[in-house]
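Undergrad: My structure is below; once you've seen it, I'll send some questions.
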Amino acid sequence: MALMPRENGGGFVRCACGHRHWGLHGAAGLLLTDPARGVLLQRRAWWTHHGRTWALPGGAVHEGESAWQAATREAEEEAAVRRGALRPTAESIVDHGTWRYTTVLATARLTIEERATSIESAELRWVDPDEVADYKLHRDFATAWPDLRAQLDRELVVVVDGANVVGSRPDGWWRDRAGAAARLRDRLAGLAGAGVPDGALGLIDRPHWSWWPRVVLVVEGQARGTAAVDGVEVVSAARDGDSAIVATARAARADRPGDHVVVVTADRELRTRVEAEGATVRGPATLLNLLAP
Ligand SMILES: [Zn+2]
């Protein structure tokens with residue numbers, strides 16, 4: 001919670017819940033997991049709001065900032081955590097109407113060399129998730145912790161049956177299959193950046209939760225050779241697209257068993273095969289409704 005003038009979002013909001021909250025545009029915190037070290041907690045200096053309690057690096061959202069931008073800016077200001085070392089996985093919003101708090105979940109991609117760089121931060125510590133509840137936690141973090149803990153270091157992986165999704169809308173795709181696959185890929189890249197509301201997929205039954213997915217587009221036939229772009233991996237299936245999709249789902253589950261793997265297809269036989277790999281299946285309409293036109 002870096003000190004800042006009111007025009008930067010600093011200031012208290014008196015809220016319908018009966019509490020006072022920091023941040024005129026809401027607040028955000030970073031829940032950073034390093035699988036080898038635990039989660040990064042911060043003990044707040046005694047003189048701050050909820051001083052001496054343990055919580056997450058974070059603070060007021062500036063005007064026009066996303067929660068991800070705010071949480072990572074604060075983590076850099078308070079704990080020298082660099083945004084480029086993080087992979088965001090999900091965010092969870094507690095909405096009080098006049099005020100909201102967003103917890104941004106991220107996993108360390110590189111070694112984090114944290115240090116307390118703000119006078120408001122008394123101490124930083126990596127804590128085993130099993131031991132977090134033993135700390136004297138900030139009231140709101142204590143309430144949120146069980147839900148957050150269940151999703152630490154878990155990514156959403158969306159595997160898209162390109163031919164099936166492209167073929168689900170009669171928009172002339174048959175005249176230019178490669179072009180249609182590239183357009184789908186570009187719209188998927190937008191989704192990867194914007195995030196997917198959990199409610200649209202019904203994964204963990206948390207409507208206030210959203211995911212930044214890892215997207216894998218599987219293409220075949222004339223769409224083979226579609227290039228990857230930022231946010232979208234592309235698998236070009238040499239012969240059998242379905243088997244490539246099954247193999248992709250299997251590999252995702254083998255690499256990171258905690259991840260949520262969603263395969264997008266309307267193909268019933270493929271559905272049975274990927275469900276046997278532990279994946280969840282959603283139809284093309286569910287995905288297309290999430291994409292910007
Ligand atoms: Zn409130």
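The values are calculated or read from the model by the stated rules, or taken from the named source; none is laboratory data. Predicted model only: the values in this text are computed from it and were never measured. Cβ sites come from the backbone with ideal geometry, for glycine too, and all protein chains shown count toward neighbours.
Undergrad: Could you list all residues from segment 54-78 that are of a type outside the set (A, V, I, L, M, F, W, C), in a loop (DSSP other than H, G, I, E, B) and touching a helix residue (DSSP H, G or I) at 6+ places or on another chain (Cβ under 8 Å)?
TA: PRO57, HIS62, GLU63, GLU65
Undergrad: Is at least one residue of segment 87-103 out of contact with any helix residue (DSSP H, G or I) (no Cβ under 9 Å at 6 or more places or on another chain), more than 16 Å from GLY58 (Cα to Cα) and buried (at least 22 other Cβ atoms within 10 Å of the Cβ)?
TA: Scanning segment 87-103 turns up at least one residue that is out of contact with any helix residue (DSSP H, G or I) (no Cβ under 9 Å at 6 or more places or on another chain), more than 16 Å from GLY58 (Cα to Cα) and buried (at least 22 other Cβ atoms within 10 Å of the Cβ).
Undergrad: Here's something else I'd like to know. For residues in segment 267-293 being of a type outside the set (Asp, Glu) and farther than 19 Å from LEU203 by Cβ, which is surrounded by the fewest Cβ atoms within 10 Å (Cβ to Cβ)?
TA: Ranking the candidates gives PRO293 first.
Undergrad: So, one more: Of everything in segment 227-266 that's closer than 20 Å to GLY283 by Cα and of a type in the set (Ser, Thr, Tyr), which residue is surrounded by the fewest Cβ atoms within 10 Å (Cβ to Cβ)?
TA: Per the stated criteria, the residue is SER243.
Undergrad: Right, something else. Please verify whether THR286 is part of a helix (DSSP H, G or I) and at pLDDT 95 or above, treating the condition exactly as stated.
TA: Answer is yes for this residue.
Undergrad: Quick one: in segment 91-145, which of the residues that are among the polar types (S, T, N, Q) and closer than 12 Å to ALA55 by Cα is nearest to the ligand (Cβ to nearest atom)?
TA: Among those residues, the one meeting the criterion is THR143.
Undergrad: Taking the criterion of being modelled with pLDDT under 95 and crowded, with 18+ Cβ neighbours inside 10 Å, would at least one residue in segment 11-19 satisfy it?
TA: Yes, because at least one residue in segment 11-19 is modelled with pLDDT under 95 and crowded, with 18+ Cβ neighbours inside 10 Å.
Undergrad: Check VAL81, VAL94 and return the single one that is in the same structural domain as VAL132 (by TED's automatic domain parsing) and either touching a Leu at 6+ places or on another chain (Cβ under 6 Å) or not in a strand (DSSP E or B) (or both).
TA: Result: VAL81 is the single residue among VAL81, VAL94 that is in the same structural domain as VAL132 (by TED's automatic domain parsing) and either touching a Leu at 6+ places or on another chain (Cβ under 6 Å) or not in a strand (DSSP E or B) (or both).
Undergrad: Just checking, which of ASP186, ASP240, ASP161 is outside the structural domain of GLY38 (by TED's automatic domain parsing) and modelled with pLDDT under 95?
TA: Just one listed residue meets the conditions, ASP240.
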